[in-house]
Amino acid sequence: MPRRWVAAVACLAALVALACEGGQAAPRPSRDAPRPGLPGAMAALGDSITAGFGSCLVLTECQRNSWSTGDGLRVDSHYQRLRELDPALRGRARNHAAPGARAAALAGQAEAAVRDRADYVTVLIGANDACRGGIDQMTPVGTFRDQVDRGLRVLRKGRPKARVLVVSIPDLNRLWQIGHAEPRAVRAWRYGVCPALLADPTSTAPAAAARRAAFRQRIDAYNAQLRAACKAYGSRCRYDGGAVHRVRFSLDLVNRLDWFHPNAAGQRRLAEVTWPTAGYVD
């Protein structure tokens with residue numbers, strides 16, 4: 001090889017060495033581990049709403065449409081939004097919500113979330129505590145608070161660094177307001193759907209009006225206790241500020257079987273209004 005080519009190659013090698021001096025380039029981050037600040041696992045606690053009951057055209061739970069942990073195409077749940085931020089979350093969302101669950105079941109569900117090692121937990125509970133056979137059968141407000149506190153204590157003890165989102169109970173009285181003139185809804189409600197509120201839905205008698213007013217007051221009292229319980233939990237708990245309760249939903253957001261539970265569009269709406277409170281950057 002001519003000397004001038006040897007010299008050129010030597011100079012090029014020296015320039016490359018100088019350019020690389022100071023260390024190698026940082027390796028690309030792995031997607032097998034959760035990103036800092038995002039949950040490595042999540043869990044949903046609550047009742048039939050979070051279980052997606054009635055959202056798949058049959059009156060049974062349908063977790064794929066859950067506003068919290070669902071992976072259905074029409075929902076855009078918290079899990080799906082978090083998974084877009086960090087694909088490492090895929091397959092690490094558990095839904096422990098159960099149709100018919102009341103606040104008394106929250107501690108057991110929280111224990112399951114602890115076993116899941118959940119870093120993010122959503123809580124929506126209380127509708128079934130109000131939807132009893134009558135006003136006198138509703139869970140007393142003090143008892144409701146004790147049961148919510150018990151469930152949150154399980155989370156705080158077992159997963160002290162987990163983020164907890166407590167969601168307000170929907171405005172069920174609005175369902176009566178927009179549905180009592182819909183014959184199909186009235187027929188469905190006669191099969192025992194939330195009788196404390198929806199029994200005799202077309203009645204204008206003073207007793208019926210008083211019952212509905214008492215129901216509204218109880219839901220408001222439960223929401224006040226959910227807010228207070230979350231505040232007492234500490235900085236790792238966030239309350240939705242009544243966002244779900246303020247939703248002015250229409251009948252287009254409930255299923256056409258029991259005319260009570262959210263359909264897939266209703267679940268998507270729940271995800272939309274609660275996501276900002278979760279505190280994760282979208």
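Nothing in this text is a laboratory measurement; each read-out follows from the coordinates by a stated rule. As the structure is a computational prediction, the values presented were derived from the model and not from experiment. Please note: Cβ atoms are built from the backbone with ideal geometry, for glycine as well, and neighbour counts cover all protein chains shown.
Remarks
- Prolate/oblate/rounded call for the range 37-192, Cα gyration tensor, a/c under 1.5 rounded: oblate
- Among 55, 48, the order by Cβ neighbours within 10 angstrom, fewest to most, reads 48, 55.
- Full extension of the segment from residue 257 to residue 202, taken as 0.36 nm per residue of separation minus the current Cα-Cα distance, would add 17.9 nm.
- Selection from 185, 89, 226 lying farthest towards where the dipole of the chain points positive, charges on Cβ: 89
- Within the range 185-282: Cβ-based charge dipole about Cα centre, in debye rounded to nearest 20 (Lys, Arg +1; Asp, Glu -1): 180 debye
- Taking other Cβ atoms within 10 Å as a rough exposure proxy, 122, 143, 204 sort from fewest to most as 204, 143, 122.
- Part-to-part distance (alpha-carbon centres) for the range 109-186 and the range 226-282, which is given in Å: 11 Å
- Computed over the range 182-282: relative contact order in percent, which uses C-alpha pairs under 8 Å that are six or more apart: 23 percent
- Computed FRET value (nearest 0.05) for residue 187 with residue 217, which takes r as the C-beta separation and R₀ as 30 Å: 0.60
- DSSP-loop chymotrypsin sites (Phe, Trp or Tyr not before Pro) across the range 178-227, with at most 14 other Cβ within 10 angstrom: 191
- Relative contact order, whole percent, for the chain stands at 21, derived from Cα pairs under 8 Å and 6 or more residues apart.
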